[in-house]
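Notes follow the structure.
The values are calculated or read from the model by the stated rules, or taken from the named source; none is laboratory data. Given the structure is predicted, the values throughout are model-derived calculations rather than measurements. Every residue, glycine among them, receives a Cβ derived from its backbone with ideal geometry; neighbour counts consider all protein chains shown. Surface areas here come from the heavy atoms of the whole protein model, side chains and all, with no ligands, DNA or RNA. Shrake-Rupley method; radii C 1.70, N 1.55, O 1.52, S 1.80 Å.
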Amino acid sequence: SRQPAKTLWYDRPRYVYLEFCVEDSTDVKVLIEDQRLVFSCKNADGVEFYNEINLYARVNSKDSREKRSDRSITCFMRKWKEKVAWPRITKENIK
């Protein structure tokens, strides 16, 4: 059974950061497309996490990357339109 990872996000003038809070992650897969992000991994207990996010606005998928640490996986996504604030991370207006 899979569940969504707890997710934090930060809006900056040129980038949007998404942080998936999974400790000791393994088998991390991140797919960043122009308007969508798909994330999956497992934690030390073998629990599967899966998030699929339709992004609020377009990002430059070629200039985006992720960084894994012991506590989380952070995705750096370059905004297509810089200096335009995102009111939310998702296209749909939901939590």
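Here are the numbers for the structure shown:
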| read-out | value |
| --- | --- |
| Failed condition for residue 41, given (1) over 22 Å from residue 87 (Cβ atoms); (2) within 11 Å of the chain's Cα centre (by Cα); (3) among the hydrophobic types (A, V, I, L, M, F, W, C); (4) surrounded by 15 or more Cβ atoms within 10 Å (Cβ to Cβ) | (2) |
| Count - residues of region 57-81 that are in contact (Cβ under 8 Å) with a residue 40 or more places away in the chain, surrounded by fewer than 16 Cβ atoms within 10 Å (Cβ to Cβ) and in a strand (DSSP E or B) | 1 |
| Test: residue 52 is of a type in the set (D, E, K, R) and closer than 30 Å to residue 84 by Cβ | yes |
| Boolean, residue 34 is of a type in the set (D, E, K, R) and in contact (Cβ under 8 Å) with a residue 60 or more places away in the chain | no |
| Test: residue in region 83-90 that is open to solvent by 80 Å² or more (accessible area, probe 1.4 Å), more than 13 Å from residue 20 (Cβ to Cβ) and basic (Lys, Arg) | yes |
